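**Student:** First the structure, then my questions, so here it is.
Any read-out appearing in this document is the output of simple, stated calculations on the displayed coordinates, not a laboratory observation. No experiment lies behind these values; they were computed from the predicted model shown. Cβ sites come from the backbone with ideal geometry, for glycine too, and all protein chains shown count toward neighbours.
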Amino acid sequence: MKPVIGITVRKETDKGTTFLKVDANNTNAIVLSGGIPFMMALTDNEDVIDEYINMVDGIYFTGGNDISPETYGEEVTELVGTLVAERDEFEIKLYKKAEECDMPMLGVCRGHQIMNVASGGTLYQDIYAQRSNTIGHSPEKSMGENNTHTVRISEESKLHGALNTNMLATNSIHHQAVKDVAAGYKISAVAEDGIIEGIESEKLTFALGVQWHPEDMFELCSESKMIYKALIDAAVMYKKGKIKKGKK
Ligand SMILES: [Mn+2]
């Protein structure tokens, strides 16, 4: 039984045309893990968002541009990059509706951050400006270092249950990060410099965020595959539950 995984997309304008798009490594990771990828166009139409929730068995919040500090009650400063308010608003609505259904969710990079914000947490607008001794998280701000670092994974976490390791080498392409973890969430992974690299819900059956990009290491790292397998397994369980309730 293949579950349908709703995938969030970027909104980018090029030469006057606005495109909704996603890095194919994301859709490939879902297909290779046994899921059906379903790219969800941005909309503020509540009925359409409700129908997305009815159509899918899990949600995958992908990476992308910075999240507006206004979504967590702060002023926008010069520390943040390109903002797309429509994407922030769509993803926060989507998260809240998925949360109501206890639908499985996985977030990577921006996706992990938006899950925290949608649940009431906050972000660093820029980890290099707002923290000291921050190293190795982004190619543009880590001069001369490669953008790879290890993370320590908490033994009591679902992430540990999925990966069965305490340490993992991860890729890293971010300058924002989770600051205050949302109520109902806990930290599952931390970098050596203290940056939060993984969070997960303590209330929902499966809602995990990781700050790195497992989609870009899918073929290179077995733990990347295990993250997606965990999402697909949870989505299969969710789909079976829906069928039992006669919703599909
Ligand atoms: Mn990092």
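**Student:** Under 11 Å from the Cβ of K2, count the other residues' Cβ atoms, weight Lys and Arg +1, Asp and Glu -1, and hand me the total.
**Tutor:** Neighbourhood net charge equals 0.
**Student:** Checking the cross-link filter: which aspartates and glutamates have an alpha carbon closer than 12 Å to that of K97, excluding same-chain neighbours under 8 positions apart?
**Tutor:** E46, D47, D50, E51
**Student:** If you wrap a convex hull around the alpha carbons of the stretch 1-67, what volume per residue comes out, as a whole number of Å³?
**Tutor:** 97
**Student:** What whole number of Å gives the distance from the Cα centroid of the stretch 155-203 to the Cα centroid of the stretch 71-87?
**Tutor:** Cα centres, the stretch 71-87 to the stretch 155-203: 23 Å.
**Student:** Moving to a separate point now. Going by average Cβ density within 10 Å per residue, which order do the peptides 162-170, 229-237 take, highest to lowest?
**Tutor:** In descending order of packing, they fall as 229-237, 162-170.
**Student:** Place a label point 7 angstrom from the Cα of N54 along the Cα-to-Cβ direction, then list the residues of the stretch 3-22 whose backbone nitrogen is under 20 Å away.
**Tutor:** 3-7
**Student:** Listed here are the pairs K158/K225; K203/K244; K186/K225; K186/K242; which of them are more than 18 Å apart at the Cα?
**Tutor:** Going by Cα-Cα distance, K203/K244; K186/K225; K186/K242 fall outside the 18 Å limit.
**Student:** Taking 2.2 N^0.38 Å as the expected size of a compact globular protein, what ratio does the Cα radius of gyration of the chain give against it, to two decimals? Write down the numbers at each step before the final one.
**Tutor:** Working: Rg = 17.0 Å, N = 248, 2.2 N^0.38 = 17.9 Å.
Rg over 2.2 N^0.38 Å, computed on Cα atoms: 0.95.
**Student:** Which of the peptides 211-224, 104-117 is most tightly packed, and how do the rest follow, going by the mean number of other Cβ atoms within 10 Å of each residue?
**Tutor:** Ranking, from highest mean packing down: 104-117, 211-224.
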